[in-house]
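The values are calculated or read from the model by the stated rules, or taken from the named source; none is laboratory data. All figures in this text were calculated on a predicted structure; none of them were measured in a lab. Reconstructed Cβ throughout: ideal geometry from the backbone, glycine too, with neighbour counts over all protein chains shown.
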Amino acid sequence: MHTFYGGNRIISRHFASCRVNAGAAPAQTFFCVFVAFNFDCEAGERMFELRLLQGSLLKKVIEAIKDLVVDANFDCSTTGFALQAMDSSHVALVSLLLRSEGFEHYRCDRSISMGMNIANMAKMLKCAGNDDIITVKADDGTDTVTFMFESPNYIAAFSSQKLSGNGISDSQVLGYLTRFCLPMFPVLLFWIINDQDKITEIEMKLMDIDSDHLGIPEAEFDAIVRMPSTEFAGICQSLSTIGDTVTISVSKQGITFSTKGDIGTGNITCRQNTSVEKPEEATVIQMQEPVVLTFALKYINTFTKATSLSNQVTVSMSADMPIVIEYKIAETGYIRFFLAPKLEEENLESNHQPQMNSRPEVNSKSETQDNPQEEMET
């Protein structure tokens with residue numbers, strides 16, 4: 001047995017040689033490599049740790065918010081990894097939630113808040129490959145957080161981690177695979193090991209950020225539109241070549257995006273379309289009342305940097321309320337952007353301005369935000 005230590009991760013490589021007889025044919029020898037993973041954190045030291053097999057997901061999330069938020073607190077609890085922050089002008093708000101069950105491994109002994117500079121975090125994550133496994137960990141009593149990037153070094157047809165999670169130990173997994181699977185499916189039990197294994201560890205200083213937990217307006221939306229995220233991004237990008245603002249109107253005819261500038265005007269209308277073979281290509285409109293609101297295109301285009309996280313985007317609107325643009329992150333969670341509408345000149349003169357005020361701490365998994373969209377999806 002060869003054991004390789006990488007931080008708190010112990011990788012044990014078990015080598016086994018078995019013979020398989022096929023009738024009267026000569027015996028054939030198959031050489032198999034088994035890889036078993038075990039977590040062995042120091043008791044009493046580790047306070048928070050998460051492990052994400054699809055490391056590119058975290059990279060995409062940070063890329064989506066880095067141009068909007070400068071510094072932010074990541075709130076870690078037993079339920080998940082969350083963030084709420086506003087841009088410097090207090091016009092836009094981002095709310096992120098990655099639920100604990102979406103990670104391969106998640107541990108949080110007590111609720112903590114980790115302040116980080118988003119731009120520096122994005123630079124640091126560039127050290128990780130798109131296929132890397134990312135582990136984030138923090139010890140009690142320290143002012144740093146550690147990011148570990150592991151290059152994948154094997155291709156497996158079975159996952160010992162999943163079996164271990166059901167109460168089966170790694171040694172039992174190894175025994176089952178050797179005893180039962182190898183004689184029947186020898187090819188499936190080959191693990192390919194990369195000799196250029198690489199583990200990168202980066203330690204980042206945490207920041208003390210004084211910020212209130214922002215209250216999210218609770219409202220029943222007048223209109224909710226779900227459409228392909230790439231189509232939404234393309235529309236907003238196209239209109240930004242004509243004007244600086246976009247007027248979004250939802251009616252029985254569909255959802256219309258309009259803009260005007262020095263060179264002319266532009267209008268794009270998307271009608272409801274549910275008769276498509278692929279659900280992610282559908283445009284679904286749920287409307288209680290017609291809505292017409294105007295927004296700054298530079299913010300909308302910044303939000304669309306989250307397009308790679310989801311095939312669909314959900315746009316929720318109510319009169320005189322911030323628009324909510326949501327991208328669901330697979331089964332892991334969501335990222336939501338809130339943007340206050342631009343006001344008409346007469347409203348500016350009367351100093352009537354809707355705001356997202358600070359309120360007592362609220363749950364970032366607010367049911368009031370989830371229910372309207374979940375009902376539409378069902």
Report task. Can you work out which of the residues in region 251-268 that are under 19 Å from residue 288 (Cα atoms) and hydroxyl-bearing (Ser, Thr, Tyr) is modelled with the lowest pLDDT? Result -> 251
Report summary line: residue 146 fails exactly one of (1) closer than 23 Å to residue 54 by Cα; (2) assigned to a loop (DSSP other than H, G, I, E, B); (3) polar (S, T, N, Q), namely (2)
Requested in this report: Determine which member of the set 302, 314, 332 is modelled with pLDDT under 95, in the same structural domain as residue 234 (by TED's automatic domain parsing) and farther than 16 Å from residue 247 by Cα.
Outcome: 332
Query raised in the report: Limited to region 260-277, what total is found for residues that are part of a strand (DSSP E or B) and farther than 25 Å from residue 311 by Cα?
Result: 5
Requested in this report: Look through region 342-369, keep the residues that are touching a strand residue (DSSP E or B) at 6+ places or on another chain (Cβ under 9 Å) and either surrounded by 21 or more Cβ atoms within 10 Å (Cβ to Cβ) or of a type in the set (D, E, K, R) (or both), and return whichever of them is modelled with the highest pLDDT.
Outcome: 342
**Report entry** Residues being buried (at least 17 other Cβ atoms within 10 Å of the Cβ) and not in a strand (DSSP E or B) - total across region 68-103
**Finding:** 8
Query raised in the report: List pairs: first in region 80-92 and in the same structural domain as residue 332 (by TED's automatic domain parsing) and under 16 Å from residue 301 (Cα atoms), second among the basic types (Lys, Arg) and surrounded by fewer than 18 Cβ atoms within 10 Å (Cβ to Cβ), Cβ under 9 Å, 6+ apart or cross-chain?
Result: none
Report task. Could you tell me whether residue 238 is at pLDDT below 55, assigned to a helix (DSSP H, G or I) and either more than 26 Å from the chain's Cα centre (by Cα) or within 30 Å of residue 267 (Cα to Cα) (or both)? Result -> no
Query - Condition check for residue 280: closer than 27 Å to residue 59 by Cα, within 26 Å of the chain's Cα centre (by Cα) and assigned to a loop (DSSP other than H, G, I, E, B) - result: no
